[in-house]
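Student: A single structure is presented below for examination.
What follows is calculated from the coordinates using simple rules that are stated; it is not laboratory data. Keep in mind it's a predicted model, so treat the numbers as computed, not measured. Neighbour counts run over all protein chains shown; Cβ positions are idealised from the backbone, glycine included.
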Amino acid sequence: MKSSLLLFLLPVILLSSFNVKKKEPKIIVPNAKIQTEINRDSIIAYAKQYLGTPYVYASSNPKKGFDCSGFVSFVFSNFGLTLPRSSSGYKNLGTALKPEEFKVGDVLVFYGYKNRNIVGHVGIICEANGMQSKFIHASSGKAQQVTITALDTEHYTKRFYKCVDVLSK
């Protein structure tokens, strides 16, 4: 009986051994650096996909539109970074940079156009050149959409509060 059972099980055992999936060997690269920094140019490339998206107050929905902080928080969330959803949340965020320290991907913070005591607008530097930088933002002004604007226009230089690096730790 044992021999007939063995003859019955032997083909099953042999066939099952052919269906075993082999594990792929792990490739270990000595001294490989794990990327923990977010590429600043990638942020801008991603943000530029939304040029022309309408301005919609209190929205962070790319299918409907953005307000300024909704746009900034939406862009950075794509890279795993949580930023304030309201422009007022940027007032005490980070340390103010000097103009010569401005980099692509830094966030510009502006006072409101009526009140210089409250923060009222934010945008992302897309071309860094100190106070002659350009920034991408959801504008509630004439543009009424996501647009790129020069920081050295009178409307924005008068309202400039600070620039912060939200990517460096």
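Student: Looking at Thr157, Thr147, Thr82 in this structure, which one is without any contact (Cβ under 8 Å) to a residue 24 or more places away in the chain and of a type in the set (Val, Ile, Thr)?
Tutor: Thr82
Student: Across segment 86-132, what is the total count of residues that are within 27 Å of Ser59 (Cα to Cα), assigned to a strand (DSSP E or B) and either under 22 Å from the mean Cα position of the chain (by Cα) or of a type in the set (A, V, I, L, M) (or both)?
Tutor: Residues in segment 86-132 being within 27 Å of Ser59 (Cα to Cα), assigned to a strand (DSSP E or B) and either under 22 Å from the mean Cα position of the chain (by Cα) or of a type in the set (A, V, I, L, M) (or both): 13 in total.
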